[in-house]
Amino acid sequence: MNNYFIHINGAEKGPFSFEALKSMNINRNTMVWYHGLDNWVKAEQVEELKPLFEMMPPKLVTPPPFPGTQVTENVAPPIYTNMPLPQNQPVRSQNNMKYWPIGFILLLLTGLGIWYFTQKQDTPLTQISTNEPPVTAKATEKKQKQYRKVKKDELEGAYILNSNGNKVNVRQSPDMNAPVLYQLNKGEEVVYLNEKTDFRTNVIVKSIERENYWYKVQPMENADVIGWVHGDFLNFPGNFPR
């Protein structure tokens, strides 16, 4: 139960309990306030006080305005002003209003986060990269050719094989069901890493079943890939040890 302040006979009194208000001369239009309200309201608008007026006929009495007085309680009621209250207006509690600064701050932080993310996404690469010129398709092709030449020089003595078919699979392990790491184009070169299986596997090439070893290779076009290719999909130089 709340303790109520009332404005009666031109003076502010209280606080009173619900039981004390039963014996006091208050009516539906008596202005009351309790901790948690934003402003004074009519007694009939407070759900807890409605039983006081169930047997009381409505009275058309408007309380006169009065100056605010300071109450020596933990929380003082707001200064009463004789402003007409809209009909059926819900009574707002101060407890609901005290959270709006937190909501505003959260909304502001969310907006700043979205702005920062979009700015970061829209930043041109030229602003965060070095002063190197933009990479063109021709420059990329030239760099790949230089890379392959260097790799060949570095791998002098290693056997260079090439694919005899298009989209030849380089697999993670010597097994036809192993995951595919890379696909070789026809004629694409690979480096033989001096390792092959000690067993042969049958494959069907152009409706013909063939048997061969698996060879561990590294594509010249992608030095990051190391995997296995079935021997029937590779061309070997004449001096390759079979």
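The values are calculated or read from the model by the stated rules, or taken from the named source; none is laboratory data. Fair warning: this is a prediction, and the values are worked out from it, not measured in the lab. A quick note on method: Cβ atoms are made from the backbone with ideal geometry, for glycine too, and the neighbour counts reach across all protein chains shown.
A few notes on this one:
- Tally of residues being loosely packed, with under 11 Cβ neighbours inside 10 Å, of a type in the set (D, E, K, R) and at pLDDT 80 or above across region 43-57: 1
- Any hit, region 186-193, residues being at positive phi and of a type outside the set (A, V, I, L, M, F, W, C): yes
- Residue in region 143-163 that is at pLDDT 90 or above and more than 30 Å from residue 35 (Cβ to Cβ) present: no
- Residues that are in contact (Cβ under 8 Å) with a residue 40 or more places away in the chain and surrounded by 15 or more Cβ atoms within 10 Å (Cβ to Cβ) within region 9-33 comprise 12, 14, 15, 31, 33, listed in sequence order.
- Residue check, residue 170 modelled with pLDDT of 85 or more, assigned to a strand (DSSP E or B) and surrounded by 11 or more Cβ atoms within 10 Å (Cβ to Cβ): yes
- Looking only at residues of region 192-220 that are over 17 Å from residue 236 (Cα atoms) and hydrophobic (A, V, I, L, M, F, W, C), we find that the one that is modelled with the highest pLDDT is 199.
- Scanning region 209-230 for residues that are more than 15 Å from residue 189 (Cα to Cα) and part of a loop (DSSP other than H, G, I, E, B) yields a single hit, 213.
- Unmet requirement for residue 192, which otherwise passes all of (1) under 12 Å from residue 161 (Cα atoms); (2) part of a loop (DSSP other than H, G, I, E, B); (3) aromatic (Phe, Trp, Tyr): (2)
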